[in-house]
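The values are calculated or read from the model by the stated rules, or taken from the named source; none is laboratory data. Predicted model, so just to flag it, every value in this text is computed and none were measured. Methodologically, a virtual Cβ is constructed for each residue, glycine included, from the backbone with ideal geometry; neighbour enumeration extends over all protein chains shown.
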């Protein structure tokens, strides 16, 4: 029994460290932060991955909490955000019959928490719990553009940029320009910068003056016409907060 309690305590220590970090961590990061032996941390992480509470990025060997873990801490999960966003999402889905996504920013990644799927045969799906980089997604850009300047700068300074497609921005300066453009017009776009043959438009979902999430429309590139692009931007702009002064939140 004592060994079982000790194992639970170690698992909770690991989860607390990962939650506080708010971004994917390496095995060594977690080991250093918890003070636990590396073999112990490795075994615990393998168990947590098997349980679906922790996810492992096989490419970069980083670990992060899954949506399942966040839902355990919030009861029904992000119900408050979903409730706020659903009328907008439903209106956009009804009008365009394209997939509409809802996501939040966790560390330097967008965590998808809800979606309304198109009924069209050719579609692009992103299930809740999946994560994408903020810098090459319309959702991430819409959220990051409305963050206070210090938080935005922290993202630009600390999140490494890894190309997803040939169109992905190459460096933080390019991302910074994109975020400024997004803030100036009030909506974001990702034109095959996260996934080939996929275009997304996004807006921030605000709680007063603070951004709490983002909403996006995902369209297969082959369906994107100039007229549809203009119509989607107009529709999203009607629900978004509008252009943001670049002086807001600085300091």
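For segment 153-184, what are the residues that are closer than 16 Å to residue 106 by Cα, assigned to a helix (DSSP H, G or I) and in contact (Cβ under 8 Å) with a residue 40 or more places away in the chain?
Once the filter is applied, which keeps residues that are closer than 16 Å to residue 106 by Cα, assigned to a helix (DSSP H, G or I) and in contact (Cβ under 8 Å) with a residue 40 or more places away in the chain, segment 153-184 yields 155, 158.
Working only within segment 14-41, note down all residues that are assigned to a helix (DSSP H, G or I), modelled with pLDDT of 90 or more and surrounded by 14 or more Cβ atoms within 10 Å (Cβ to Cβ).
14, 27, 29, 30, 31, 32, 33, 34, 40, 41
Quick check on my filter: what residues within segment 121-139 are in a loop (DSSP other than H, G, I, E, B) and touching a residue at least 60 places away in the same chain (Cβ under 8 Å)?
122, 123, 124, 126, 128, 129, 137
What is the residue count in segment 79-111 for residues that are in a strand (DSSP E or B) and free of Cβ contacts under 8 Å to residues at least 24 places away in the same chain? Steps first, please.
Just the residues of segment 79-111 that are in a strand (DSSP E or B), to begin with: 99-106, 109-111.
With the extra rule that they be free of Cβ contacts under 8 Å to residues at least 24 places away in the same chain, the set shrinks to none.
Counting residues in segment 79-111 that are in a strand (DSSP E or B) and free of Cβ contacts under 8 Å to residues at least 24 places away in the same chain gives 0.
In segment 124-156, how many are over 18 Å from residue 188 (Cβ atoms) and modelled with pLDDT of 95 or more?
0
Which one of 142, 213 is assigned by TED's automatic domain parsing to the domain that holds residue 85, under 25 Å from residue 64 (Cα atoms), part of a strand (DSSP E or B) and in contact with a strand residue (DSSP E or B) (Cβ under 6 Å, 6 or more places away or on another chain)?
213 is the lone residue from the list that is assigned by TED's automatic domain parsing to the domain that holds residue 85, under 25 Å from residue 64 (Cα atoms), part of a strand (DSSP E or B) and in contact with a strand residue (DSSP E or B) (Cβ under 6 Å, 6 or more places away or on another chain).
How many residues does segment 87-106 hold that are surrounded by fewer than 17 Cβ atoms within 10 Å (Cβ to Cβ) and in contact with a strand residue (DSSP E or B) (Cβ under 8 Å, 6 or more places away or on another chain)?
The qualifying residues number 1.
Assess whether residue 186 counts as being over 19 Å from residue 164 (Cα atoms) and surrounded by fewer than 21 Cβ atoms within 10 Å (Cβ to Cβ). Let's see the steps before the verdict.
Numbers: over 19 Å from residue 164 (Cα atoms): yes; surrounded by fewer than 21 Cβ atoms within 10 Å (Cβ to Cβ): yes.
Answer is yes for this residue.
Looking only at segment 199-217, filter to residues that are farther than 16 Å from residue 105 by Cα and modelled with pLDDT under 95; which one of those is surrounded by the fewest Cβ atoms within 10 Å (Cβ to Cβ)?
So the residue we want is 208.
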